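See below for the structure under consideration.
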Amino acid sequence: MPLINKTGSTAPRSAPSPSSLSVLRRALTVFFALDGFVFAGWVVRIPAIKEQTQASASGLGMALLGVSAGAVVTMTLTGRLCRRHGSGPVTVAGALLLAFGVTLPPLTHSALTLGLVLLLFGAAYGGINVAMNSAAVDVVAALGRPVMPTFHAAFSLGGMVGAGLGGIVAGHLSPTWHLLLLGAVTLLVTLATAPVLLRHPVPAPVRPEPAEGAATAPLAGRARALVAVFGLIAFCTAYGEGALADWGALHLQQDLAARPGTAAAGYAVFALAMTVGRLSGTALLERAGRTATLVGGGIVAAAGMLVGALAPSLWAALLGFAVTGLGLANLFPVAVERAGALTGPSGVAAASTLGYGGMLLGPPAIGFMADWVSLPAALVSVAVLAGLAAGVGWGARGAARA
């Protein structure tokens, strides 16, 4: 297979020192945490933005489609940018754009204008996620250990903190001031951390070239097919994460009569469970392997979401959210890491496009289904797709081992 992250030269880079890898890993962890913090800060204010714009459930779903459109287009391009300029600089650029984009939604007063500004927010969100996942895949390869879940644990921890703070300030700050401060924090953290990514190039693992006369086309075709399989798993599981992020608080508030602060805690519980699951993800992968992690996680998430969506009491729903978070915790990191190991940044871009497409397309789909049936029934689709991810992971077990 070709070198990952080629930038025009086929000469292998010298192996990075352990200290350089450690510094780079910490910097990437900060960006993952920052991304989760910003995303959660936005989603806990969605009910207030919905009220401000006087949008219906389907109208809000259409506006949220702006995030999806912006992210998917950017993700398609980011893999090429990472190959040309390196994933570190592209990560920094995405973070700067994210700092600006998150401040715009509370300035809108209609579903249409909300959807338009969310195009920019989605572009920033999609770009930074592909770039930092590409960098993380190469760091994982350089370290030689399955530490990808720890990066995503930072994302979940950032989401938990962002949701928790969002619930606290919801009764004291308007969405405008809250998201403006969020943008300022994002800018400051990016400026403080960016020099590390710019001074320490992301390591590019060297792959052995195929033997002379080897049939590379079938191997390349198999790799692309596996990337699609892992992308489908990422789609199914990230759909659930996006649905709970955008609709979890509204479900608790609207269907179970939770107060705004308690409703915001729903996503915090989910994010905390994902954080715990991902912090233990490396040990789980080393002990149980990828197939057991994918299949078991999908089954647990499906069971948890059935409880979270259909439970008649608030505390049972919160328990269901927590179980769902534990189940989904390591599915997306494993899928993206495998896709990146197969084909480099292009694999990360493809799997991330499908995965984050699920995260971003899920909320609009939930909105439409909520109008047709009910929000609890719409949330059952999360359980269905989690079960599908488990089935796909089991069905692809032989190909994944190969």
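Out of Pro312, Pro364, which single residue is assigned to a helix (DSSP H, G or I) and either over 16 Å from the mean Cα position of the chain (by Cα) or crowded, with 18+ Cβ neighbours inside 10 Å (or both)? First the steps, then the outcome.
Details: Pro312 fails: assigned to a helix (DSSP H, G or I).
Within the list Pro312, Pro364, the selection yields Pro364.
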Exercise for the section: Identify all residues within region 257-270 that are modelled with pLDDT of 80 or more and either under 20 Å from Ala365 (Cα atoms) or open to solvent by less than 30 Å² (accessible area, probe 1.4 Å) (or both); write none if there are none. Expected result: Ala258, Ala263, Gly266, Phe270
Problem - region 164-184: number of residues that are buried (at least 21 other Cβ atoms within 10 Å of the Cβ), of a type in the set (A, V, I, L, M, F, W, C) and closer than 17 Å to Leu104 by Cα - result: 2
Exercise for the section: Return yes or no: is Thr53 among the β-branched types (Val, Ile, Thr) and more than 18 Å from the chain's Cα centre (by Cα)? Expected result: yes
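Can you give me the number of residues within region 369-402 that are of a type in the set (Phe, Trp, Tyr) and modelled with pLDDT of 90 or more? Walk me through it before giving the result.
So the first thing to find is which residues in region 369-402 are of a type in the set (Phe, Trp, Tyr), and the list is 372, 394.
Restricting the remaining residues to those that are modelled with pLDDT of 90 or more gives 372.
Residues in region 369-402 being of a type in the set (Phe, Trp, Tyr) and modelled with pLDDT of 90 or more: 1 in total.
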Fill in the blank from the handout: Over region 234-248, the set of residues open to solvent by 10 Å² or more (accessible area, probe 1.4 Å) and at pLDDT 90 or above is Phe235, Tyr239
Problem - Residue match in region 328-347 (condition: open to solvent by 30 Å² or more (accessible area, probe 1.4 Å), farther than 26 Å from Leu60 by Cα, free of Cβ contacts under 8 Å to residues at least 40 places away in the same chain and out of contact with any Phe, Trp or Tyr (no Cβ under 7 Å at 6 or more places or on another chain)) - result: no
Practice task
Scan (1) over 20 Å from Ala283 (Cβ atoms); (2) surrounded by 23 or more Cβ atoms within 10 Å (Cβ to Cβ) for the single condition Leu107 breaks and write down its number.
Solution key: (2)
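For region 332-349, does any single residue satisfy the condition of being under 25 Å from Leu272 (Cβ atoms), part of a helix (DSSP H, G or I) and among the acidic types (Asp, Glu)? Lay out the reasoning, then the answer.
Step one: list which residues in region 332-349 are under 25 Å from Leu272 (Cβ atoms), which gives 332-337.
Still in the running and part of a helix (DSSP H, G or I): 332-337.
From what's left, among the acidic types (Asp, Glu): 337.
The answer is yes, given that some residue of region 332-349 is under 25 Å from Leu272 (Cβ atoms), part of a helix (DSSP H, G or I) and among the acidic types (Asp, Glu).
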Handout entry: Selection count, region 116-131, where residues are open to solvent by 10 Å² or more (accessible area, probe 1.4 Å), within 22 Å of Ala57 (Cα to Cα) and among the small types (Gly, Ala, Ser)
Key = 0
Handout entry: Restricting region 290-309 to residues that are open to solvent by less than 20 Å² (accessible area, probe 1.4 Å) and not hydrophobic (A, V, I, L, M, F, W, C), the residue that is nearest to Ala258 (Cα to Cα)
Key = Gly308
Practice task
Among the candidates Thr103, Thr113, single out the residue that is outside any helix (DSSP H, G or I), over 19 Å from Thr78 (Cβ atoms) and among the polar types (S, T, N, Q).
Solution key: Thr103
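The values are calculated or read from the model by the stated rules, or taken from the named source; none is laboratory data. Since the model is a prediction, treat every value here as computed from it, not as a measurement. Quick reminder, even Gly has a Cβ in these numbers, built from the backbone with ideal geometry, and neighbours come from all protein chains shown. Protein only, heavy atoms only, side chains kept; ligands, DNA and RNA dropped before computing areas. Shrake-Rupley method; radii C 1.70, N 1.55, O 1.52, S 1.80 Å.
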